[in-house]
Amino acid sequence: MATLLLATVADLLFGAAAALGLLAGGLPASGSLLTGLSAAAVGVAFAGIAALAAQVLPTSRGANGAAAALVGSAYVLRGVGDALGVPSADLLSATSAWPSWLSPIGWGQQVRPFTDADPVPLLLCLGLGATTAAVALAARRRRDLGDSLVPERTGGESGGWSSRSSLGLAVRLHRGALLGWALGGAVLGALAGLIAPAIAEALDGNSGLQAILDRLAPGTTGDPVDIFATAIFGMAGFLAAAAGCQAVMRLRSDEADGRAEAVLATPLVRLRWLGSHLAVGAASVLVVLLSAGVAGGAAFVAGGSDTGRFGTSLGAALAHAPAALVFVAVTGLLFAVLPRWTVPLGWGILALGLVLGQFGDLLRIPAGLQDLSPFSHSSGLPAESLDVAAVLILLAVALAGAALAALAFRRRDLAA
């Protein structure tokens, strides 16, 4: 109950901050307040869902993964419902298709605070949050401490191939999370291939929508399908960077919980232990981007595009790998230099890189600040050509960061 109350307070504070930000931007007070309430209500709904997942699944990683997957699924359902919806004549709102009504995020969006305000859908979010929270509390009372509704699976008698090397162990530890990230990349790629043609049709003769798309993919001109695909694959690059950074952050949790000390008490060299996780982080980047590129290419071809779109989509996704690898190396360096701050600084730097690199022009951030983000130097394929020099520089920065991380980690003691 204390955790649920804390989550509710956090959601209300987030909603209040959103409302104040909109008010500061000069938007109407009623719409700003309703937008903040909508954000808070969606958060309450997912707080209840997460609480229930914590009672059902045996591990925190499983519960976190399931809750995150449900958030992603809700986002995708909302996106599909909007894409299949019917826009109004003034293009200020749209009547969403039925998939949006399967998503708490879709319910929050149906409030339409600045056009046709209707707070009733928020009751759905609050009802879902209250129901799932009540079920979670009831399940908590009925189960033993440390137990779960789904029993934890016992391990095998031996570790198999994954126990024979530090790299094998790292792969085993991250394979479940990597599968989730890869599925997310595939969803983004599929959306690019399925929705881009519809977006291009909607852009025909609509200068307002064209201006919005130009800001999402700044500096690009040409085919609207290419511009939209560039924007989506740019988001896939951020998803890949997040997957790689999470893999490296596992080093910190192992160190803080004492598992690293047990592992390094064996003949395993600490640089090999660090290198294994960095290698898995780099591989995670490539796997997520490959998933996005393959899914996007397949969706384009299935939608009637020529087969050349498959290779184009694959290249557009992989073009963001060098920038994502820089973030993986930076996270490794943070672990080596500031171990206790690895997780907050790692996610914070990644989020800052996303804002500066992907939304810098949209938010009118000065170009000098945008250039601080590796994403700003990624080639926006297929709307623009590949910048080979930028690719080489980003790869060199990533390698230098990994080398510095190895040197720094070699010189410090383990930290609780």
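Normalising by the residue count of the chain, find the relative contact order in percent from Cα pairs under 8 Å and 6+ residues apart. Spell out each step's value before the answer.
Numbers: 630 pairs, mean separation 59.1, N = 416.
The value is 14 percent.
Stretched out fully, how many nm does the piece from D223 to N64 gain, at 0.36 nm a residue minus the Cα gap?
Details: separation 159, 0.36 × 159 = 57.24 nm, distance 3.97 nm.
Gain in length upon complete extension: 53.3 nm.
With the full set of protein chains in place, find how many percent of the accessible area of the chain is carbon and sulfur; take the probe as 1.4 Å.
The value for the chain is 68 percent carbon and sulfur by accessible area.
Put +1 on the Cβ of every Lys and Arg and -1 on every Asp and Glu Cβ in segment 310-416; which of A406, V330, A316 then has its Cα farthest towards the positive end of the dipole?
A406
How much length is gained on full extension from A130 to R410, taking 0.36 nm per residue of separation minus their Cα-Cα distance?
On the way: separation 280, 0.36 × 280 = 100.80 nm, distance 4.97 nm.
Stretched out fully, the A130 to R410 stretch lengthens by 95.8 nm.
With a Förster radius of 22 Å, plug the Cβ-Cβ distance of Y75 and L352 into 1/(1 + (r/R0)^6) and report the FRET value to the nearest 0.05. Could you put the intermediate results ahead of the total?
Working: r = 22 Å, r/R0 = 0.98.
Calculated transfer efficiency: 0.55.
For a quick size check, give me the Cα extents of the chain along its three principal axes, largest first, whole Å.
In descending order, the Cα extents are 69, 59, 42 Å.
Can you give me the Rg/Rh ratio for segment 311-386, using Cα atoms for both radii and the Kirkwood formula for Rh?
Numbers: Rg = 13.9 Å, Rh = 13.4 Å.
With Rg and the Kirkwood Rh in hand, the quotient comes to 1.04.
Of the options A66, Q110, L5, report the single residue whose Cα projects farthest towards the positive end of the charge dipole of segment 1-120 (beta-carbon charges: Lys, Arg +1; Asp, Glu -1).
Looking along the dipole axis, the top candidate is A66.
How would you rank 382-393, 273-284, highest first, on the average number of other Cβ atoms within 10 Å across their residues? Walk me through the intermediate numbers first.
Working: 382-393: 15.0, 273-284: 22.9.
Result, highest mean Cβ count within 10 Å first: 273-284, 382-393.
How big is the gap, in Å, between the Cα center of segment 94-113 and the Cα center of segment 243-317?
Their Cα centres are 33 Å away from one another.
Solvent-accessible area per residue for the chain at a 1.4 Å probe radius, Å²? Each step should come with its number before you reach the end.
Working: 21090 Å² over 416 residues.
Accessible surface, normalised per residue, equals 51 Å².
Top to bottom by accessible area (1.4 Å), largest first, where do L251, L70, L20 land?
Values: L251 0, L70 85, L20 115 Å².
Order by accessible area, largest first: L20, L70, L251.
Given points 7 Å out from each Cα along the Cα-Cβ axis, report the L149 to R175 separation in nanometres with one decimal.
Going by the 7 Å Cα→Cβ label model, 2.8 nm.
Probe radius 1.4 Å, ligands and nucleic acids left out: which of F14, F375, F46 has the largest accessible area, and how do the rest follow? Intermediate values should be presented prior to the final figure.
Details: F14 135, F375 10, F46 30 Å².
Ranked from most to least accessible, the order is F14, F46, F375.
Would you be so kind as to identify which of A243, S291, T342 lies farthest towards the positive end of the dipole of segment 242-398, taking Lys and Arg as +1 and Asp and Glu as -1 on Cβ and the Cα centre as origin?
T342
How are the C-alpha pair distances of segment 1-139 spread across 10 Å bins, as whole percents from the shortest bin up?
Spelled out bin by bin, segment 1-139 gives 13, 37, 35, 13, 2, 0 percent.
In nm, to one decimal, how far is the modelled label at M1 from the one at F114, with both set 7 Å along Cα→Cβ?
Using points 7 Å along Cα→Cβ, the separation is 4.1 nm.
P(r) for segment 143-186, please, calculated from all Cα pair distances in 5 Å bins and given in %.
Calculated over all Cα pairs of segment 143-186, the distribution is 5, 17, 14, 18, 18, 17, 10, 1 percent.
For the chain, return all DSSP H helices satisfying: extent of Cα atoms along own axis at least 27 Å; mean Kyte-Doolittle hydropathy at least -0.5. Can you show the working numbers first?
Details: long enough: 2-24 (33 Å, 2.00); 29-56 (41 Å, 1.60); 60-83 (34 Å, 0.50); 121-142 (32 Å, 1.05); 166-203 (51 Å, 1.36); 224-256 (49 Å, 0.87); 270-302 (48 Å, 1.45); 388-411 (35 Å, 2.14).
Within the chain the helices that satisfy the rule are 2-24, 29-56, 60-83, 121-142, 166-203, 224-256, 270-302, 388-411.
First check a/c for segment 14-96, with a ≥ b ≥ c the square roots of the eigenvalues of its C-alpha gyration tensor; if it is under 1.5, answer rounded, and if not, answer prolate when a/b is larger than b/c or oblate otherwise. Display every interim value, and only then the final one.
Numbers: a/c = 3.67, a/b = 1.52, b/c = 2.42.
Since a/c reaches 1.5 but b/c is at least a/b, the shape of segment 14-96 is classed as oblate.
Sort V76, V150 by accessible area with a 1.4 Å probe, largest first. Mind dumping the intermediate values first?
Numbers: V76 40, V150 65 Å².
The ordering from most to least exposed comes out as V150, V76.
Given only helices, namely DSSP H runs of n ≥ 4 each adding -39500 (n - 2.57), what is the per-residue ellipticity at 222 nm of the chain, to the nearest 500 deg cm²/dmol?
-24500 deg cm²/dmol
The values are calculated or read from the model by the stated rules, or taken from the named source; none is laboratory data. These figures come from a predicted structure and were not determined experimentally. Backbone-built Cβ (ideal geometry, glycine too); neighbour counts: all protein chains shown. Please note that ligands, DNA and RNA were not included when accessible areas were found on the heavy atoms of the full protein model with its side chains. Shrake-Rupley method; radii C 1.70, N 1.55, O 1.52, S 1.80 Å.
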